[in-house]
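Structure first, commentary second.
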Amino acid sequence: MFDDLCALERVPGLFRLIPGSNYAMSRFTRRAVPPPAGHLSVMEDVTVKHHRGQDNQQALYDDLTGLPNRRLLAQQMVRALTSARESGHRAAILCLAIDRFQQGDDGHGQIAKDKCMKRIATMLTRRLRGMDLVVRTGEEEFTIVLGEIESVGAAGIVAKALVELFAIPLEVEQCPILLRASVGGAVYPDHGEREMQLWQGADTAMRRAKRDGGGRYHLAAQDTSTDVAENVELEDHIRTTLQEGGLRLHYQLQYHMNGQIRGVEALLRLPHPTLGYVSPDRFIPLAEASGLIHPLGKFVIKEACRQLMLWNKAGMTPVRIAINVSPLQLMRSEFAAEVQQAILESDVDPALLEIEITERVILNFDETAKRMTELAALGIRFAVDDFGTGYASLQHLHRLPISTLKIDRSFIQRLCESSRSYPIVKAIVELAHSLKMQVIAEGVEDEDQLQLLRELKCDCIQGFLLSRPLPPEEIKVFLSNQI
Ligand code: C2E
Ligand code: MG
Ligand code: MG
């Protein structure tokens, strides 16, 4: 079953290269003592030892599994790419998501789930070479950095073997639990030259593997020919629509619990001659992978500010406008200046702008924190979108200038049915309030959800129950009726 990866056998302290495998053994793997499961080995020695003071331990390692966390991931991706560049090798980033935790979760409870996560962490680190890095990047997600590999095929071999690891049920509390994993991979330099680009590519490939039914892997460029053709066509379409000024913003209203409008969220719309409006979930990852996200994002900021100015001129009560910003935009040094420029041109109050980021920005913490602080100094607010699905550490949350948490739609959808969602939503509301943040529930679709959210003292709501995303002319009607 594990034919391919078995080509790589682990012997104490090093991997043996079995003829026929194109997975290269690295000079780094020769060490006398194998690293403890879940911890970085040789590649981390220089940086990690430096950081591994007791104070930093928590900041760098996941409490449950003992695996490194996102902070180390950012450093190690840079390190792996630099090393690959210098040695003329390749490096790969794999994203792995557990597809079927629901089963283990519902049937066996949180303790069993935690045990599973620990077992998976050990399983992954055992399967990989000592020089590779396994990081827990989400509740049920891992990112793996493979240093110094020989070919794209080698990354595929590892990805396949990781998927197959899950073919055998995990024995937890004498109960077999069958899980499945989806893996996506991106290889340097074949699928990109920069860490974030590769990570994004691997993440998109992993999501595609999930969409295709899970329990499989995809590599970034390993699309079917139709996918490739569709993506090329769509990418061209984004470019032309952008140039021709055909992109649109729709706005979804956000309400306070007392029925007052809190603001609107700007959502990008890409009209297509045959597909109608293409979903941003489909074209944003493509724009991110191609670099088009920068002109696209610039358009969104400019247009949202312009719209705010038009509503103000028309005498509407000023409302807050939320803008979704990709982590790639936030990492660019020009970003703050672009936002400032849009504010100046439209002469809007920066306090009315709220930038929505996802927990993923924390991957590049120092850089994004700097950018966020610059913007916060102008009065701009920040919200964490889809909160609860990623892996923001509380320490990070606390250190960033964030004023709003948006509870992910998936928790709200299950709020009335699942006994698990209620305590999670309750905990997020309490967390937000204790950090002096406002909390918005996303994707509210019915009265029962609204009622529970009211009981939980959630501050604001957004969802189809109150309004779908609408073109600006239709939003104006709501704003005009606002007292
Ligand atoms: P998001 O920022 O979490 O936006 C909310 C999404 O949930 C929107 O989907 C909205 O239409 C949908 N939604 C809102 N209420 C409900 C509800 O009650 N039920 C259901 N089922 N869905 C609801 P949309 O417009 O398709 O956007 C999807 C995602 O694409 C957004 O998620 C955001 O992450 C991204 N996106 C949209 N516009 C932009 C943009 O300008 N820049 C960037 N970087 N990303 C964007
Ligand atoms: Mg959003
Ligand atoms: Mg959201």
Exercise. Compute the Kirkwood hydrodynamic radius of segment 227-480, taking the inverse of the mean of 1/r over all pairs of distinct Cα atoms, and give it in Å to one decimal.
Key: 18.9
Quiz prompt | Whole-Å semi-axes of segment 162-210's equivalent ellipsoid (Cα gyration tensor) | solution = 31, 9, 8
Quiz item: Mean shadow of segment 365-468, computed from the convex hull of its alpha carbons, in nm²?
Solution: 6.9
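So, with +1 on the Cβ of K and R and -1 on the Cβ of D and E, and no other charges, what is the size of the charge dipole of segment 326-483 about its Cα centre, to the nearest 20 debye?
About 500 debye.
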Self-check item: Debye intensity ratio in log₁₀ form over the Cα atoms of segment 203-344, taken at each q of 0.09, 0.17, 0.18 Å⁻¹
Solution: -0.35, -1.04, -1.12
Self-check item: Distant-in-sequence amide H partners of THR137 (H built 1.01 Å from N, under 5 Å)
Solution: PHE142, THR143
Quiz item: Can you run phi through the Karplus equation (6.51, -1.76, 1.60; θ = phi - 60°) for segment 191-204 and list ³J(HN,Hα) in whole Hz, with x for Gly and Pro?
Solution: 10, x, 9, 10, 4, 5, 4, 5, 5, 4, x, 5, 5, 4
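Report relative contact order for segment 324-483 in percent, whole number only (criteria: Cα-Cα under 8 Å, sequence separation at least 6).
Answer for segment 324-483 is 16 percent.
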Self-check item: Whole-number accessible area per residue in Å² for segment 227-480, which is evaluated in the context of all protein chains at 1.4 Å
Solution: 44
Quiz prompt | Hull shadow area, averaged, segment 300-389 [alpha-carbon convex hull, nm²] | solution = 5.7
Quiz item: Beyond 24 Å, what percent of the Cα pairs of segment 64-223 remain?
Solution: 29
Self-check item: Local electrostatic count, ALA369, Cβ distance below 15 Å [Lys/Arg +1, Asp/Glu -1]
Solution: +3
Quiz item: Hey, any idea what the orientation-averaged projected area of the convex hull of segment 412-462's Cα atoms comes to, in nm²?
Solution: 3.0
Practice problem: Using amide H atoms built 1.01 Å from N in the peptide plane, name the residues 5+ places from ARG248, or on other chains, whose amide H lies under 5 Å from its own. | Solution: ARG269
Quiz item: Among 124-133, 174-183, what's the highest-first ranking by average C-beta atoms within 10 angstrom per residue?
Solution: 124-133, 174-183
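The values are calculated or read from the model by the stated rules, or taken from the named source; none is laboratory data. If you're wondering where the values come from, they're calculated on a predicted model, not measured in any experiment. For neighbour counting, all protein chains shown are included, and Cβ atoms are generated from backbone atoms with ideal geometry for every residue, glycine included. The area values use the complete protein model at the heavy-atom level, side chains included, leaving out ligands, DNA and RNA. Shrake-Rupley method; radii C 1.70, N 1.55, O 1.52, S 1.80 Å.
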